[in-house]
Amino acid sequence: MEINDLTPAEERVWRAFPRGEAVDFRTGEDEDPAPGDGRGPERTVRAGVLRALLLTAPQEEGEVAALKVAGARITGVLDLRYATVDSVVRLSHCRFDDTPDLSGAHLSYLNLSDSVLPGLGLARARVDGSLRLTRCRFRGPLRLGGAQIAGSLFLERAELTEPDGPRPVLQLKHVTIEDELCAPGLRTQGGIRLDGATIAGSVDFDDARLHHPGGAVIDAQTLVVEGNILMRRVDLTGWIGLRGARVAGRFDLSHARLSNPGGPALRASGCAIGELWLRRSPPMEGSLNLRRAQVDTLFLEPEAVPDEVLLDSLVYTTLIPHEPAERRLPMLERDREGYVPHAYEQLTAAYRRIGDDHAARLVQLAKQRRHRGTLPWYGRLWGHLQDATVGYGFRPLRACVWLLSLLAVGSVAYGLHHPPPLKPSEAPRFDPVFYTLDLLLPVISFGQENAFAPRGWYQTLSYVLIITGWILATTVVAGVTRTVSRQ
């Protein structure tokens, strides 16, 4: 392209490029690049001119060429597909009439901050530095699938909408970012795809407003993040999918509002997370799916738990904050799959690790009661009997009270009416206390039970004492066995 073919605005850009000088067409620092701002020919640059500059423009010896333009209107398609661009590209506060296509391009640095674009194609592109899209407004999808970014991806306070259908508005599938994904204050109307992405640093979505009603607002299956995922104070409509993801640091949903009524709000099944924080947040509108997840530290406040959860095979090492068992148990009762023994065992183990044996016993008692509802009628009957007498062995003091009460009843009854001896010449002296103990204790024998034979209702009383003694002894032994095995 010859310089004689350029408009005055394009000539300014052409002459500034070899020396890396900035060209600013703005009339003020706070100028809005949205359509309708009255940008005429004096501020219009053809995309073909920019392409020619980046690919064929002559260089000046001793100078570093760079494309630095602000406040321009760019017409036509900026087509840099599979091109290699060694120069810095900064097109800030610009308005693009057509979607730039940089698919497969190799760039050293790209900055489109504060620009308005109908979309952007960067699939399979490679950026040696950072990609800065701060405060950009996209009226179509931003495609970065398979891209490799050696620095960070900046999307602070950017706005992305997809008016033409249900396609993801931000496509980061299989992207590789060797630093951080910085997107605090991001605004989207549509889904974000992060499945298969690898991010060496952290992901920052703090204060974001992400909306995709009824769909995946963030689809991040098999995502790998070596740092943290920060989603504090976010407002999300739709569901988050983290199935099979791996987050080495903290996944922080503090003060977050997640809403997907009638469906999952957070689907993190089969993922591995260093720390999962759900705190200072209203209850999720939708279900919480943590099946088969592995979490080192689970920071979960009872108030943040939704009405429906899925916790089968969830494994966690530490559960904070420390709450009484009465506040944790309702979470397990909300499991959509009904009775999940593993969830009770995990909660029990968490309490035992911090030495709260009382809470651990309450959880085990609740487990037995929940299990009772899955048994046939005779199993439920036996369960109710064990629960009422000794609390399934987790309340051994109650067994002592029952034993003492029955001992008193038997001692009084047989003290007032001695049963006749079977062999009067060989029978020992009758003792109502030890006779009652002989009936109650199935293992210990004081020689009284086999020597005397009660009749009538006294015989019925002896049967009741024998049966009750077996029940109490069995459950007490079970409780002692649990205590010894824990120690």
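Every number here is computed from the coordinates shown, using simple stated rules; none is lab data. What you are looking at is a predicted structure, and each value in this text was computed from that prediction instead of being measured. Cβ: placed from backbone, ideal geometry, glycine included. Neighbour counts: every protein chain shown.
Against the compact-protein benchmark of 2.2 N^0.38 Å, the Cα-based radius of gyration of region 225-267 scales to 1.19. Inter-label distance, Ile467 to Ser108: 9.2 nm, where each label sits 7 Å from its Cα along the C-beta direction.
In whole percent, what relative contact order does the chain give with Cα contacts below 8 Å and a gap of six or more residues? Walk me through the numbers before you get to the answer.
Details: 1269 pairs, mean separation 25.5, N = 487.
The normalised contact order for the chain reaches 5 percent.
Let me check I've understood the local charge: for Gly104, count other residues with C-beta under 13 angstrom from its C-beta, Lys and Arg +1, Asp and Glu -1. What total comes out? It works out to a net charge of +2.
Distant-in-sequence amide contacts of Ala216, defined by a placed amide H-H separation under 5 Å and a gap of 5 or more residues or a different chain, comprise Trp239. Based on Cα atoms of region 46-138, Rg over Rh with Rh as the Kirkwood radius reads 0.93. Between Gln459 and Arg369, full extension at 0.36 nm per residue minus the direct alpha carbon distance yields a gain of 29.0 nm. Remark: region 208-358 is approximated by an ellipsoid whose semi-axes, taken from the C-alpha gyration tensor as √(5λ), come to 24, 17, 14 Å, largest first.
Taking K and R as +1 and D and E as -1, what net charge do the other residues with C-beta under 13 Å from the C-beta of Glu159 add up to?
Working: positive: Arg135, Arg137, Arg139, Arg157, Arg187, Arg209; negative: Asp32, Asp114, Glu156, Glu162.
So the surrounding residues net to +2.
Here region 115-190 is treated as a sphere whose radius is the Kirkwood value from Cα pairs; by Stokes-Einstein at 4 °C and 1.567 mPa s it diffuses with a coefficient of 106 µm²/s.
Subtracting the Cα-Cα distance from 0.36 nm times the residue separation, let me have the gained length for Glu178 to Glu308 in nm, one decimal.
Working: separation 130, 0.36 × 130 = 46.80 nm, distance 3.72 nm.
Taking Glu178 through Glu308 to full extension adds about 43.1 nm, to one decimal.
Check each of the GluC sites (Glu not before Pro) in region 321-424 and keep only those in coil by DSSP with at most 15 other C-beta atoms within 10 angstrom; list them in order.
Values: sites: Glu326, Glu333, Glu337, Glu345; in loops: Glu337.
Passing both the DSSP loop test and the Cβ count: Glu337.
For the pair Glu61 and Ala150, a Förster radius of 30 Å applied to the C-beta separation gives a FRET efficiency near 0.60, rounded to the nearest 0.05.
For the pair Glu301 and Arg327, the difference between a 0.36 nm per residue extended length and the Cα-Cα distance amounts to 8.4 nm. Helices assigned as whole DSSP H runs in the chain whose Cα atoms extend at least 15 Å along their own long axis and whose mean Kyte-Doolittle hydropathy is 1.0 or higher are found at 396-416. Sites listed here are GluC sites (Glu not before Pro) in region 40-140 whose DSSP assignment is loop and whose Cβ has at most 12 other Cβ atoms within 10 Å: Glu60, Glu61, Glu63. Taking amide H as placed 1.01 Å from N in the peptide plane, Gly146 has its amide H under 5 Å from the amide H of Arg124, Lys173, His174, Val175, each at least 5 places away in sequence or on another chain.
Kirkwood-based Rg over Rh for region 120-279 (C-alpha set), two decimals? Numbers along the way, then the final one.
Values: Rg = 14.1 Å, Rh = 15.1 Å.
Across region 120-279, the Cα-based Rg/Rh ratio is 0.93.
Report the longest stretch of the chain that contains none of the trypsin sites (Lys or Arg not before Pro) sitting in a DSSP loop with at most 11 other Cβ atoms within 10 Å.
Of all site-free stretches, the longest is 1-428.
Length, then width, then depth: along the principal axes, the Cα atoms of the chain run 137, 40, 32 Å. Can you give me the distance in nm between label points at Glu11 and His358, each placed 7 Å from the Cα along the Cα-to-Cβ direction? That separation, rounded to one decimal, is 8.8 nm.
Hey, what number do you get for the chain at 222 nm if only DSSP H runs of n ≥ 4 count, each worth -39500 (n - 2.57), divided across all residues, to the nearest 500? Let's see the in-between values first.
Details: 9 runs with 131 residues, N = 487.
About -8500 deg cm²/dmol.
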